[in-house]
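Working notes, structure below.
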Amino acid sequence: MMQLSELTRRSLLGNVYSALGGISLMHLFSGGLSGAENSWQAGRGQTHHPAKAKRVLQIMCPGAASHLDLWEHKPSLEKYHGAPLPGEEGFVSFQGKNGNLMKSPWPFVAAGESGKHISSMLPHMAQHVDDIAFVHSMHSKTNTHGPGCVFMNTGHPTEGFPSAGAWLGYALGSDNENLPTYVAITDIRGEPPNGKANWTNGFLPARHQAIMMSGQQPIRNLAQPISISKAEEDASRKLLNRLNQNFADTNPAESDLQARVAAYQLAARMQLSAPEVSDLSRESAETHKLYGTDDENQLKAAYARNCLLARRLLERNVRYVSLFCASRASGVDGLLNWDAHKTLKADYERHCPIFDQPTAALLTDLKRSGLLEDTLILWTTEFGRMPTHQADTAGRDHNPDGFTCWMMGAGVKGGVSYGATDEFGRRAEVNPTTVWDFYATVLHVLGFDHESLTWYHNGLDRRLTDVHGQVIKDLLS
């Protein structure tokens, strides 16, 4: 052992270098760099407590769909229409100064045995209110679409964190080896704000990122070339698998490469399964009519095909399906998504018919097939809209302080409304609820303690719910 009196700068640097190498080697042998899942039984289907649901459908309406014009009835907006918002006269929000209070352009109607009031623009969705648990007291950390969408889908307003679907894939693993564990179905109008960050794997292994599919975008390059025989194909795959496995065994830290190999292997299996699941012609004429896949409104027909594809994926035990209705913001406000800054009435008379029938048909189909018994359905958007009109327009500006999301299906109590905004819909006032509370409840229904489902990253045990979140027990059946 070197004595302190013998220590020189050169020997100190040499010993430090050796010590760091030893620490790295110990970490490697302990599995710290193995790229393996680092939570207790992750990916093996084991939960913390008995689960009510084993798969999730998340319907996302980007653009900040207005709670005041869809889901939460505010009689005071009708009573005081045209008057200033008390205490916030001339309030300046995301795009500038606000005008006076503005009632919804359409009446709200009582629906179901619960008598829940929802917009008359959603007559098909009104048939399901007795199965839905509405959360009217959501609020967000941001009033910008991109960070808002990412926050709603990952629990963090900045990019780089795993989405909820990636977390579930990591926690439960696949329930169908021939199809992806996690699928993102994008709208024909394009990707949502911040695009693929909404279904990213973040710092989880790359294989947990969603696979993109849609009813109008066939999966390319699945057919085997006619010049290659089946025997040649099989022999090539066996050799490739052996080479890939040898490399993986000697380079366990290369999770991205392992994920790519797994993706290619999945693609090979999907040559048989994917064409079948995406072949909507196998559905009956009655089913196509129910969804509206042949509607003369081409945007509605395209979304209807995506809804039908979502059901076909869920019934084949895909763990998590993210279904988007609308896309990024456009140069003309409200044209491509629910961002109705200037012409709310015209915008929502375009969007509501696209959303209403196909979504309601999907819920009906899941219920009549029995899938609703173990499928959790979520409806989300990134934030809400102001109860006032935007100055010099007939639209509403962004409102992160109060909005609505809802749940339905396995483990959820139907026909209830939890929380509320104030009488004008400006701020979450009764039981204010965060994105973290929402996902703590989602994970609970799926059998997980949200505080215990973690991944060690950069010195922290990271979670979908960050360091927050309480299960909303009033929503649970």
Against the condition of a type in the set (Gly, Ala, Ser) and either within 22 Å of the chain's Cα centre (by Cα) or surrounded by fewer than 22 Cβ atoms within 10 Å (Cβ to Cβ) (or both), how does Gly409 come out, does it pass? yes
Within the bounds of the range 131-146, is there any residue that is within 14 Å of the chain's Cα centre (by Cα), of a type outside the set (Phe, Trp, Tyr) and modelled with pLDDT of 95 or more? yes
Options Val109, Val92, Val129: the member that is of a type in the set (A, V, I, L, M) and in contact with a strand residue (DSSP E or B) (Cβ under 6 Å, 6 or more places away or on another chain): Val129
Count - residues of the range 70-84 that are farther than 23 Å from Ser417 by Cβ and surrounded by 15 or more Cβ atoms within 10 Å (Cβ to Cβ): 1
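Loosely packed, with under 13 Cβ neighbours inside 10 Å and assigned by TED's automatic domain parsing to the domain that holds Asp175, is that true of Pro62?
Details: loosely packed, with under 13 Cβ neighbours inside 10 Å: no; assigned by TED's automatic domain parsing to the domain that holds Asp175: yes.
No: the conditions fail for Pro62.
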Failed condition for His341, given (1) at positive phi; (2) over 19 Å from the mean Cα position of the chain (by Cα): (1)
Restricting to the range 135-166, give me the number of residues that are crowded, with 20+ Cβ neighbours inside 10 Å and either out of contact with any Asp or Glu (no Cβ under 8 Å at 6 or more places or on another chain) or over 20 Å from Phe403 (Cα atoms) (or both). 12
Taking interchain pairs and intrachain pairs at least six residues apart, which have beta carbon atoms under 6 angstrom, with the first residue in the range 322-336 and surrounded by fewer than 24 Cβ atoms within 10 Å (Cβ to Cβ) and the second modelled with pLDDT under 90? Leu336/Ser330
Which one of these does Glu373 not meet: (1) surrounded by fewer than 17 Cβ atoms within 10 Å (Cβ to Cβ); (2) among the acidic types (Asp, Glu); (3) touching a residue at least 60 places away in the same chain (Cβ under 8 Å)? (3)
With the condition kept exactly as written, say whether any residue in the range 184-192 is at pLDDT 95 or above, part of a loop (DSSP other than H, G, I, E, B) and among the small types (Gly, Ala, Ser). no
State the number of residues belonging to the range 89-120 that are modelled with pLDDT of 95 or more and exposed (fewer than 14 other Cβ atoms within 10 Å of the Cβ). 4
What tally of residues in the range 76-100 results from selecting those that are assigned to a helix (DSSP H, G or I) and in contact (Cβ under 8 Å) with a residue 24 or more places away in the chain? 3
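Give the residue that is surrounded by the fewest Cβ atoms within 10 Å (Cβ to Cβ), with candidates limited to residues of the range 418-454 that are assigned to a strand (DSSP E or B) and either at pLDDT below 95 or not aromatic (Phe, Trp, Tyr) (or both). Full working, then the answer.
Our first condition is that a residue be assigned to a strand (DSSP E or B); within the range 418-454, this holds for 418, 420-421, 428-430, 433.
Narrowing further to those that are either at pLDDT below 95 or not aromatic (Phe, Trp, Tyr) (or both): 420-421, 428-430, 433.
On the way: Ala420: 20, Thr421: 27, Ala428: 25, Glu429: 16, Val430: 13, Thr433: 22.
Restricting to residues being assigned to a strand (DSSP E or B) and either at pLDDT below 95 or not aromatic (Phe, Trp, Tyr) (or both), the top hit is Val430.
For the structure I just gave you, tell me whether Ser322 is assigned to a strand (DSSP E or B) and either in the same structural domain as Ala51 (by TED's automatic domain parsing) or more than 23 Å from Pro432 (Cα to Cα) (or both). Lay out the reasoning, then the answer.
Numbers: assigned to a strand (DSSP E or B): yes; either in the same structural domain as Ala51 (by TED's automatic domain parsing) or more than 23 Å from Pro432 (Cα to Cα) (or both): yes.
Judged against the criteria, Ser322 is a match.
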Considering each residue of the range 456-477, count those that are assigned to a strand (DSSP E or B) and either basic (Lys, Arg) or crowded, with 21+ Cβ neighbours inside 10 Å (or both), and give that number. 1
Of the listed residues (Ile211, Ile188), the one being out of contact with any strand residue (DSSP E or B) (no Cβ under 6 Å at 6 or more places or on another chain), farther than 25 Å from Asn458 by Cβ, surrounded by fewer than 23 Cβ atoms within 10 Å (Cβ to Cβ) and aliphatic (A, V, I, L, M) is Ile188
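The values are calculated or read from the model by the stated rules, or taken from the named source; none is laboratory data. Owing to the predicted nature of the structure, the values given are computational and were not obtained by experimental measurement. Heads up, the Cβs are rebuilt from the backbone with ideal geometry, glycines too, and the neighbour counts pull from every protein chain shown.
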